[in-house]
Amino acid sequence: MDKPAGSLPTAQIPRQRKPTARSGGAELRLPTTRESPFDPPAEYRRLQDEDPVARLAFPDGSHGWLVSRYEHVRALLADPRISSERALGSNPVREVPPEARELQQIRPGQFIGMDPPDHTRYRRLLTGQFTVRRMNALVPRVERIVADHLDAMREMPRPVDLVRAFALPVPSLVICELLGVPYADRAQFQRRSRTLLSMTTDGPTLLEVRDEMDGYMRALVQAKRERPEDDLLSGLIGRTDPPGRLSDEELVNIGNLLLIAGHETTANMLALGTLALLTHPPQLAALRSDPGLVEQAVEELLRYLSIVQFGLVRVAKEDLEVGGRSVCAGEPIVASLAAANRDPRQFPDADELDVSRRYSPHLAFGHGVHQCLGQQLARVEMKVGFRALIEEFPSLRLAVPLSRVPMRDDMFVYGVHELPVTWDEP
Ligand code: HEM
């Protein structure tokens, strides 16, 4: 029998070297405290200048590295000597609760945590579904969904929470239609993904939610085996060619990965991006007066906000050098997307939001083999979403002071928990 895709050759995992403390001072922990809602913790700038590949202490007592310069982050993420698979147990912000250790096992189909060639097999099966062409073909449908939600929002008593009225439901509905997940079930899967992506969820709850998600998706896969429809999941189920034939367990894990990744991220970009525009009036005015800027504005907001706030974790498969430092096989490395996207060596006036910035490749979608599969979909949703929101609500503004907007400091995907907004009657 074939080795199940994604299984770990545990015996080959290099053991981590003995922890070493930083010389002459406290150990460096991943910086997480922000001084302003839009900027990454200030400590990153110091590290970029003085210690760009820094020794990092993990909450479980292990040690690794924090990489903060654009040039190093980009090179590292494209380096075949690093592993996503072996990084599953390394969490730079919280120790994984002992009861939830089994969540660190890769499961068939969970390709975000796999290395080639297992990763490659799944990625190839899905890439064709997410091409620029296919995503552009979705534009009219996304426009309809956006328009319907804005129409409904207009009728609501003000102030309105933009997250609940717009930013969350739009990408949720789009990914549901694409995958073939009934939108009527959204309350459950939105709650589950919020719980999974929170830093404060305890171990038993993590497992409970994971099991609920599995049960839900298993029933859906079963239903689609019996009555296939015109959607991505049915398409995957219907494949009988050897590389494409997938077990129920693989389908369940792929379905859940796409469902979570497909709405939480874009939802937070829509809400946090709106907040950034509302609090940077010259940028909002520039976009209003030239809606053609929306494409650049989306890329700039992705760069400026970097919602995957704690970076990407990898483990060195062999000894390697990063920015002149020697990284040993088995050591975990955090590649900070938020720091890299604000690196002044790459982006002039890196801390300025500038919607007319000439395109420069940011790393908000990652880089290398795992670079975001859904990025074209996310771009379509953001372009259509920001453009319509700005056009339809010319007097849109925050309904509370910025300091009272609850930020998602406690979540792996940054953003806002709520965004109270208001506007004038036309
Ligand atoms: C603005 C929105 C989004 C952001 C900022 C974002 C960010 C990212 C990042 C940084 C990665 C790389 C993870 C790594 O290297 O370990 C990633 C991977 C991924 N994203 Fe997104 N994402 C977004 C939207 C979406 C959407 C709409 C989907 C829809 C299906 C999606 C599906 C995925 C998947 C499946 C992967 C794993 C790819 C792989 O391992 O080959 N993402 N995303």
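The values are calculated or read from the model by the stated rules, or taken from the named source; none is laboratory data. Just so it is clear, the model here is predicted, and its values are computed rather than measured. Reconstructed Cβ throughout: ideal geometry from the backbone, glycine too, with neighbour counts over all protein chains shown. To get the accessible areas, we keep the full protein, side chains included, count just its heavy atoms, and leave off ligands, DNA and RNA. Shrake-Rupley method; radii C 1.70, N 1.55, O 1.52, S 1.80 Å.
Tabulated data
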item	result
Two-site FRET efficiency, Arg101 against Ala137, from Cβ-Cβ distance with R₀ of 41 Å, rounded to 0.05	0.45
Accessible-area composition of the chain, carbon plus sulfur, in percent [1.4 Å probe]	51 percent
The chain: relative contact order in percent, alpha carbon pairs under 8 Å with at least 6 residues between	25 percent
Positive-pole candidate from Leu125, Phe111, Pro97, dipole of segment 30-126, charges at beta carbon	Leu125
Inter-label distance, nm, simple model (7 Å from Cα along the C-beta direction), Arg124/Arg164	4.7 nm
The chain: radius of gyration over Cα atoms, expressed as a fraction of 2.2 N^0.38 Å	0.98
Among Val334, Val209, Val355: highest mean-square fluctuation, GNM of the chain, C-alpha pairs under 10 Å	Val209
Ranked order, Asp354, Asp231, Asp148 - accessible area, probe 1.4 Å, largest first	Asp148, Asp354, Asp231
Residues whose placed amide H lies under 5 Å from that of Val327, excluding near-sequence neighbours	Leu320, Glu321, Val322
Value of relative contact order over segment 170-232, rounded to a whole percent, pairs C-alpha under 8 Å and six or more apart	43 percent
Neighbour net charge for Gly235 - beta-carbon separation under 15 angstrom, K R +1, D E -1	+1
Of the DSSP H helices in the chain, those whose Cα atoms cover at least 20 Å axially and whose Kyte score averages 0.0 or more	248-278
Sparse-neighbour loop sites [GluC sites (Glu not before Pro); segment 156-239; at most 16 other C-beta within 10 Å; DSSP]	Glu229
Estimated FRET transfer efficiency when R0 is 25 angstrom, pair Thr279-Asp79 (beta carbons, to 0.05)	0.10
Total formal charge among the other residues, if their Cβ is under 10 angstrom from that of Gly180, Lys/Arg +1 and Asp/Glu -1	-3
Separation of the Ser326 and Ser289 label points, Cα + 7 Å toward Cβ, nm	5.8 nm
Solvent-accessible area per residue, Å², over segment 10-422 with all protein chains present [probe radius 1.4 Å]	43 Å²
Theoretical gain in end-to-end length, Glu177 to Leu402 [0.36 nm per residue, Cα-Cα removed]	77.6 nm
Extended-chain gain in nm, criterion 0.36 nm per residue less alpha-carbon gap, Asp51 and Met199	50.6 nm
Extension gain from Glu212 to Glu392, taking 0.36 nm per residue of separation minus the Cα-Cα distance	60.9 nm
Segment 265-397, relative contact order in percent, only Cα pairs under 8 angstrom and at least six apart counted	31 percent
